[in-house]
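Colleague: One structure, pasted below without further comment.
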Amino acid sequence: MHKYLKYSAFVCVLFYACNNELKNSQETKACTVNLLNSNQLKYAKLFSFAENKFLKVVYVYDDESREDTIGVYYLLKDSSCRLNTKKNNYIFNSPLQKIVSLSCVYSLMLTELNQIDKLVGIENIDYYNNPDIIYKYKQGELTELAKGPKLDLEKTIQLKPQIVFDFGMQKPEFDSKLRNLEIEQVFVFDHLEKHPLARAEWIKFFAFFTNAEHLADSIFQKTEEKYLAYKNIASQQQNKPLVLTEVKTGELWYVPGGKSGMATLLQDAGAKYAWSENEKSGSLPLGFEEVISKSQQADFWINLAFIQTKKDLINQDKRYADFKAFQKSNLFNNTLHLNSSGYSDYWESGIVYPDKILSDLIQIFHPALQDSIQAELNYYKKVPE
């Protein structure tokens with residue numbers, strides 16, 4: 001009889017466990033049924049959306065094949081939904097209320113979506129040109145979390161954010177510590193996109209987390225329309241000047257790959273680029289001789305890091321004087337607007353609004369088109385003597 005009671009108890013526990021697992025599985029299936037692509041992306045390749053009446057799902061990928069997801073993020077509209085979590089699956093109640101942003105680009109996108117009130121932490125205020133963020137920081141309403149190379153874990157925990165938007169540079173143990181405290185990291189790979197408009201389209205990514213999809217669609221549509229209009233104006237030019245970019249870092253000269261966003265901007269601005277046939281989207285580490293052999297006769301030279309004058313350039317390397325663009329004083333740097341720490345707004349609002357960068361480049365390469373563009377320079381200025 002004793003053995004029978006033990007056996008009966010075991011069967012009851014097993015039945016309860018199996019029944020509970022079946023119930024959870026059925027609830028999961030019910031919550032994820034009829035997921036539909038809720039927003040057609042036109043340029044971005046490294047994330048996608050799906051949605052039904054119970055939840056929204058965001059998928060993030062590490063390459064354009066979309067074979068593997070880096071993260072799958074479920075945003076619950078119905079808090080009664082129960083999901084079976086797997087590795088790299090994250091669950092949030094939507095919309096989010098407390099957000100940490102580890103990039104000035106993400107913070108600007110959230111600001112443009114009228115979500116700045118949800119921001120509680122940022123990486124380093126030195127990188128910011130955004131006046132709304134700077135004001136909020138000075139009011140003591142934003143905590144700086146990464147003044148040095150590492151994120152301050154203790155300060156992050158004290159903020160109790162629901163989410164940390166990150167570009168994937170933190171160590172795995174940092175991620176696990178946050179997860180144990182129910183703080184999730186969301187990886188943002190906008191910087192790996194190949195087209196300037198693809199990167200700008202990530203504003204829709206942040207909108208999906210904050211229920212601001214309609215505003216994001218409107219903002220991006222206007223950006224796209226302006227960008228394509230400028231591109232069309234430049235396409236009518238027969239003369240396409242050769243353009244060189246960047247300066248040496250140490251012994252190497254990192255130029256944009258032929259499939260990079262910068263190479264696309266040059267092409268769309270009606271310019272030629274010596275490495276346009278290259279298939280890489282990242283930077284190409286080249287020696288000085290290789291660069292001068294292909295671009296010594298470049299008509300324009302842009303994006304000269306922190307260079308302020310031609311004298312600064314020569315002080316770094318006297319060989320720079322051998323370039324035609326230097327001799328013709330056709331040097332333009334994206335340093336028109338710098339914050340008090342010396343960081344350019346080009347790397348902040350220029351990422352969100354690439355039409356403004358394109359507008360600048362067209363006016364630099366094709367001065368006769370200034371009346372057609374009808375815009376002031378946003379980021380660039382001519383480098384003086």
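Values in this text are rule-based calculations from the coordinates and carry no lab data. A quick note: this is a predicted structure, and the numbers were derived from the prediction, not measured. Cβ atoms come from the backbone with ideal geometry, glycine included; neighbour counts cover every protein chain shown.
Colleague: Sort 300-307, 91-98 for me by packing, meaning the mean count of neighbouring Cβ atoms within 10 Å per residue, highest on top. Intermediate results must be reported in sequence, preceding the final value.
Modeller: Values: 300-307: 19.8, 91-98: 15.5.
Result, highest mean first: 300-307, 91-98.
Colleague: Is the shape of segment 237-382 best called rounded, prolate or oblate, per the rule: a/c under 1.5 gives rounded, else a/b larger than b/c gives prolate, else oblate, with a ≥ b ≥ c the square roots of the Cα gyration tensor eigenvalues?
Modeller: Values: a/c = 1.36, a/b = 1.19, b/c = 1.14.
Since a/c stays below 1.5, the shape of segment 237-382 is classed as rounded.
Colleague: Between S80 and N114, how many nm apart are label points set 7 Å from Cα along the C-beta direction?
Modeller: With each label placed 7 Å out from Cα toward Cβ, I get 3.1 nm.
Colleague: Still on this structure, please answer the following. Tell me the relative contact order for the chain as a rounded percent, counting alpha carbon contacts under 8 Å between residues six or more apart. List each step's numbers first, then the result.
Modeller: Details: 656 pairs, mean separation 50.3, N = 385.
Over the chain, the number comes to 13 percent.
Colleague: If the chain between E154 and A321 were fully stretched, how many nm would it gain, using 0.36 nm times the residue separation less the Cα-Cα distance?
Modeller: Working: separation 167, 0.36 × 167 = 60.12 nm, distance 5.00 nm.
Full extension from E154 to A321 adds 55.1 nm.
Colleague: Would you please name the trypsin sites (Lys or Arg not before Pro) within segment 187-267 that are DSSP coil residues with at most 10 other C-beta atoms within 10 Å of their C-beta?
Modeller: none
Colleague: Which FRET efficiency value, to the nearest 0.05, do you get for R66 and I314 by plugging their Cβ-Cβ distance into 1/(1 + (r/R0)^6) with R0 = 45 Å? The partial results should precede the final answer.
Modeller: Values: r = 48 Å, r/R0 = 1.06.
Given R0 = 45 Å and the Cβ-Cβ separation, E is 0.40.
Colleague: Could I ask something else about it? Would any residue of segment 139-171 have its amide N under 16 Å from a label point 7 Å out along Cα→Cβ of N93? List them or say none.
Modeller: Residues passing the 16 Å test: 160-163.
Colleague: Another question, then. List, in the order given, every pair from K45/K259; K248/K294; K118/K150; K98/K136; K194/K280 whose Cα-Cα distance in the structure shown is over 21 Å. Present the calculation step by step, with values, prior to reporting the outcome.
Modeller: Details: K45/K259 14 Å; K248/K294 15 Å; K118/K150 23 Å; K98/K136 15 Å; K194/K280 9 Å.
Over 21 Å Cα-Cα: K118/K150.
Colleague: Right, something else. Order the peptides 336-342, 120-126, 148-154, 364-370 from the highest to the lowest mean number of other Cβ atoms within 10 Å of their residues.
Modeller: Numbers: 336-342: 13.6, 120-126: 19.4, 148-154: 11.9, 364-370: 17.0.
Packing order, densest peptide first, comes out as 120-126, 364-370, 336-342, 148-154.
Colleague: Given that just one value was derived from the coordinates, which of (1) 25.3, 102; (2) 20.3, 66; (3) 22.1, 67 is Rg and Dmax of the Cα atoms in Å?
Modeller: (1)
Colleague: Would you compute the Debye intensity of segment 244-306 from its alpha-carbon atoms alone, equal scatterers and no solvent, and pass along log10 I(q)/I(0) at q = 0.19 Å⁻¹ to two decimals?
Modeller: -0.66
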